[in-house]
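Following: one structure in structure tokens, then a few remarks.
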Amino acid sequence: MLALVFIFENTRSIEIRLLIPEVTMPLWMALLGTGVIGALCGVYFMKRRG
């Protein structure tokens, strides 16, 4: 619930540059994508460990 409040409070557009040219997207989308990638990495390493 708290994560949803945080995401909906950050709706402005930002510019992100990683390995591809600069991309403009809403901040909530970048936060959500980062959270999903982090969760997937956590699941992968927990399965690999146990």
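Each value in this text was obtained by applying a stated rule to the coordinates, not by laboratory testing. In this text, all values refer to a predicted model and were calculated from it rather than measured experimentally. Don't worry about glycine lacking a Cβ; one is built from the backbone with ideal geometry, like all the others, and counts go over all protein chains shown.
Whole percent per 5 Å bin, from 0 to the bin with the longest distance: what is P(r) over all C-alpha pairs of the chain?
4, 19, 19, 20, 16, 12, 7, 3, 0
Counting Lys +1, Arg +1, Asp -1, Glu -1, what net charge surrounds residue 42 among other residues with beta carbon under 12 Å of its beta carbon?
On the way: positive: 47, 48, 49; negative: none.
Result for the local shell: +3.
For a Förster distance of 22 Å, can you work out the FRET efficiency between the beta-carbons of residue 44 and residue 18, rounded to the nearest 0.05?
E between residue 44 and residue 18, to the nearest 0.05, is 0.60.
Below 8 Å, C-alpha to C-alpha, sequence gap of six or more: please give me the relative contact order for the chain in percent.
Details: 31 pairs, mean separation 13.5, N = 50.
Rounded, it is 27 percent for the chain.
Taking 7 Å along the Cα-to-C-beta vector as the label spot, tell me the residue 9-residue 30 distance in nanometres, rounded to one decimal.
Those two pseudo-labels are separated by 1.8 nm.
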